[in-house]
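Engineer: One structure, pasted below without further comment.
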Amino acid sequence: MMAERRVAIIGCGQLAQMMAQEGRSLGITFSFVALGEESTVCVQDLGEVVRVGDSPDAGSLYRELGCPEVITTEREDVPPGLLRALQEFCPVYPQADAVEKTQHRLREKLALLESGVPVAPFLPAENYHDVCAAIGYLGYPAFIKACESGYDGKNQWRVDSVAQLEQLRDELAPGSYVVEKGVPFSREVSIVGVRSASGETRSYPLTENRHENGTLLVSRAPAADGNGELETAQRYLATLLDDWDYVGVLTMECFVTRSGILVNELAPRVHNSGHWTLAGAPVSQFANHLRAILGMPLGDTTCAQPAAMVNMLGVDTIPRTPNEGVWLYGKRRRPGRKLGHVIMLDESTESLDRRVEEVLAELYTSDTPERSANA
């Protein structure tokens with residue numbers, strides 16, 4: 001009989017939900033940390049939930065969580081100080097330093113460059129005047145991104161002209177921004193990698209992603225690899241995992257350009273573009289993350305046949321198109337909110353693509369407003 005393991009997860013969203021569901025077969029008991037007013041509906045009945053305020057006592061929190069043997073997180077916006085304080089009681093993965101780097105776009109880009117991983121040309125900015133100067137140097141089109149609290153298209157602006165930039169004069173309050181040069185790319189791809197404390201490393205196939213209004217809509221794996229993009233992405237990701245002595249799943253989102261792959265951003269956690277692994281890989285990203293942080297051997301990350309994941313944004317209707325599973329998160333409906341996803345597998349990419357379009361047509365009719373809003 002497998003001995004029971006105990007893991008605590010900081011965060012109570014759908015990623016924590018799927019991690020706990022996948023952890024059952026590994027004999028893991030879970031507890032969860034709810035930060036502030038965070039909803040706990042996704043992890044209901046999956047384990048004990050401890051709600052904390054701005055300055056929790058780490059020792060008391062550790063005990064309330066049931067003295068877990070390891071603590072992990074499903075989100076980036078966790079106070080690094082809390083992670084470091086909890087490290088006094090048990091291992092915390094991913095480590096606070098890695099989470100802190102990815103919480104801030106400028107720190108993240110500098111860390112990527114330090115490891116020799118290429119990114120689009122960029123300049124930092126602290127106010128509208130700085131943004132104008134940066135765009136004057138980088139040229140149009142340009143992307144203005146807040147260094148913090150930017151995801152799914154939020155706190156990001158594309159500007160193609162002086163007139164568009166003028167319209168942002170009152171919107172860009174003093175703060176921390178990164179201004180990126182718009183680079184032409186053919187595809188957006190991501191790669192999910194995992195590294196254990198012993199240094200064992202694996203990665204899933206490159207995944208091609210389709211976004212709408214800044215939010216992921218469809219992921220397909222494996223992505224076509226005509227110019228060695230997979231090998232390049234694997235090399236960049238392995239470099240980061242080793243340089244950071246990283247433990248757990250790390251996701252790297254990239255642009256495929258004529259000159260090669262440019263890394264757009266990182267996520268120190270299991271990732272939406274890796275949800276297809278729940279049905280399309282022998283061992284999912286969630287199970288491998290748990291294996292890594294618990295010091296267990298990593299599982300098979302291969303993709304035997306074409307796989308796709310369709311996000312359910314603001315809709316929770318079960319599609320009739322044949323599929324390998326519909327995951328509903330239990331969240332209340334709201335325009336653009338990630339309420340679930342559908343996974344499909346097929347023998348051929350062409351057949352799979354047709355089924356993806358059928359599911360999209362079922363979920364999002366021409367008069368469905370939900371998809372147009374941010375999740």
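The values are calculated or read from the model by the stated rules, or taken from the named source; none is laboratory data. These numbers come from a predicted model, not from an experiment. When we count neighbours, we look across all protein chains shown, and the Cβ atoms used for this are built from the backbone with ideal geometry, even at glycine. Heads up: the accessible areas ignore ligands, DNA and RNA and are worked out on the full protein's heavy atoms, side chains in. Shrake-Rupley method; radii C 1.70, N 1.55, O 1.52, S 1.80 Å.
Engineer: Any idea which of (1) assigned to a helix (DSSP H, G or I); (2) surrounded by 21 or more Cβ atoms within 10 Å (Cβ to Cβ); (3) not hydrophobic (A, V, I, L, M, F, W, C) is the one D130 doesn't satisfy?
Structural biologist: (2)
Engineer: Those residues that are in contact with a Leu (Cβ under 8 Å, 6 or more places away or on another chain), surrounded by fewer than 19 Cβ atoms within 10 Å (Cβ to Cβ) and among the polar types (S, T, N, Q), I need them from segment 304-356; list them, please.
Structural biologist: Q305, T317 - these are the residues of segment 304-356 that are in contact with a Leu (Cβ under 8 Å, 6 or more places away or on another chain), surrounded by fewer than 19 Cβ atoms within 10 Å (Cβ to Cβ) and among the polar types (S, T, N, Q).
Residue by residue, here is whether (1) basic (K, R); (2) part of a helix (DSSP H, G or I); (3) open to solvent by less than 10 Å² (accessible area, probe 1.4 Å) holds:
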site	(1), (2), (3)
V49	no, no, no
P56	no, no, no
Y62	no, yes, no
I71	no, no, yes
R75	yes, no, no
V78	no, no, yes
R84	yes, yes, no
F89	no, no, no
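Engineer: Run down E208, E188 and say which single residue is touching a residue at least 24 places away in the same chain (Cβ under 8 Å) and under 15 Å from the mean Cα position of the chain (by Cα).
Structural biologist: Working: E208 fails: touching a residue at least 24 places away in the same chain (Cβ under 8 Å).
The match here is E188.
Engineer: Follow-up. In segment 83-94, is there at least one residue being of a type outside the set (F, W, Y) and out of contact with any helix residue (DSSP H, G or I) (no Cβ under 8 Å at 6 or more places or on another chain)? Outline the logic, then answer.
Structural biologist: Of the residues in segment 83-94, the ones of a type outside the set (F, W, Y) are 83-88, 90-92, 94.
Still in the list and also out of contact with any helix residue (DSSP H, G or I) (no Cβ under 8 Å at 6 or more places or on another chain): 94.
Looking for residues that are of a type outside the set (F, W, Y) and out of contact with any helix residue (DSSP H, G or I) (no Cβ under 8 Å at 6 or more places or on another chain), one finds at least one in segment 83-94, hence yes.
Engineer: A further question follows. Report every pair of residues separated by at least 6 positions or lying on different chains whose Cβ atoms are under 6 Å apart, first residue within segment 289-312 and in contact (Cβ under 8 Å) with a residue 24 or more places away in the chain, second polar (S, T, N, Q) and open to solvent by 10 Å² or more (accessible area, probe 1.4 Å).
Structural biologist: Taking only residues 6 or more apart or on different chains, the pairs are P306/T349.
Engineer: What number of residues in segment 133-156 are open to solvent by 30 Å² or more (accessible area, probe 1.4 Å), modelled with pLDDT under 95 and either part of a loop (DSSP other than H, G, I, E, B) or of a type in the set (A, V, I, L, M, F, W, C) (or both)? Break it down stepwise before answering.
Structural biologist: Step one: of segment 133-156, the residues open to solvent by 30 Å² or more (accessible area, probe 1.4 Å) are 133, 136-137, 140-141, 143, 148-149, 151-152, 154-156.
With modelled with pLDDT under 95 added as a condition, the list becomes 148-149, 151-152, 154-156.
This time we only want the ones that are either part of a loop (DSSP other than H, G, I, E, B) or of a type in the set (A, V, I, L, M, F, W, C) (or both), so: 148-149, 151-152, 154-155.
Number of matching residues: 6.
Engineer: Follow-up. Can you say whether Q103 is open to solvent by 10 Å² or more (accessible area, probe 1.4 Å) and either in contact with an Asp or Glu (Cβ under 6 Å, 6 or more places away or on another chain) or farther than 22 Å from G330 by Cβ (or both), as far as the supplied structure shows?
Structural biologist: Numbers: open to solvent by 10 Å² or more (accessible area, probe 1.4 Å): yes; either in contact with an Asp or Glu (Cβ under 6 Å, 6 or more places away or on another chain) or farther than 22 Å from G330 by Cβ (or both): yes.
So Q103 passes the test.
Conditions (1) under 23 Å from L230 (Cβ atoms); (2) at pLDDT 95 or above; (3) in a strand (DSSP E or B); (4) of a type in the set (S, T, Y), marked per residue:
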position	(1), (2), (3), (4)
T301	yes, yes, no, yes
M309	yes, yes, yes, no
T317	no, no, no, yes
W327	no, yes, yes, no
R334	no, no, no, no
G340	no, yes, yes, no
I343	yes, yes, yes, no
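Engineer: When you scan segment 172-180, do you find a residue that is open to solvent by 30 Å² or more (accessible area, probe 1.4 Å) and among the aromatic types (F, W, Y), even just one?
Structural biologist: no
Engineer: Which ones in segment 102-127 are in contact (Cβ under 8 Å) with a residue 60 or more places away in the chain and either farther than 30 Å from E231 by Cβ or in a loop (DSSP other than H, G, I, E, B) (or both)?
Structural biologist: H104, S115, G116, V117, P118, V119, A120, P121
Engineer: Quick check on this structure: which one of L266, L237 is modelled with pLDDT of 95 or more, crowded, with 21+ Cβ neighbours inside 10 Å, part of a helix (DSSP H, G or I) and of a type outside the set (S, T, Y)? Before you say what the answer is, go through the steps one by one.
Structural biologist: Values: L266 fails: part of a helix (DSSP H, G or I).
Going through L266, L237 in turn, just one is modelled with pLDDT of 95 or more, crowded, with 21+ Cβ neighbours inside 10 Å, part of a helix (DSSP H, G or I) and of a type outside the set (S, T, Y): L237.
Engineer: Let me ask something else about it. Which number in (1) over 24 Å from Q87 (Cα atoms); (2) open to solvent by less than 30 Å² (accessible area, probe 1.4 Å); (3) small (G, A, S) marks the one condition that S25 misses?
Structural biologist: Every listed condition holds for S25 apart from (2).
Engineer: Against the definition (open to solvent by less than 10 Å² (accessible area, probe 1.4 Å), modelled with pLDDT of 95 or more and touching a strand residue (DSSP E or B) at 6+ places or on another chain (Cβ under 9 Å)), how does V359 come out, yes or no? Walk me through how you get there before you give the answer.
Structural biologist: On the way: open to solvent by less than 10 Å² (accessible area, probe 1.4 Å): yes; modelled with pLDDT of 95 or more: yes; touching a strand residue (DSSP E or B) at 6+ places or on another chain (Cβ under 9 Å): yes.
It is true that V359 is open to solvent by less than 10 Å² (accessible area, probe 1.4 Å), modelled with pLDDT of 95 or more and touching a strand residue (DSSP E or B) at 6+ places or on another chain (Cβ under 9 Å).
Engineer: Right, here's the next one. So, of the residues in segment 272-286 that are of a type outside the set (A, V, I, L, M, F, W, C) and buried (at least 24 other Cβ atoms within 10 Å of the Cβ), which turns out to be nearest to V194 (Cα to Cα)? I'd like the intermediate steps shown before the answer.
Structural biologist: Within segment 272-286, the first condition is being of a type outside the set (A, V, I, L, M, F, W, C), and the residues that meet it are 272-275, 277, 280, 282, 284-285.
Checking the rest, the ones that are also buried (at least 24 other Cβ atoms within 10 Å of the Cβ) come to 273-275, 277, 280, 284-285.
On the way: S273: 14, G274: 12, H275: 14, T277: 13, G280: 17, S284: 11, Q285: 8 Å.
Applying the filter and picking the extreme gives Q285.
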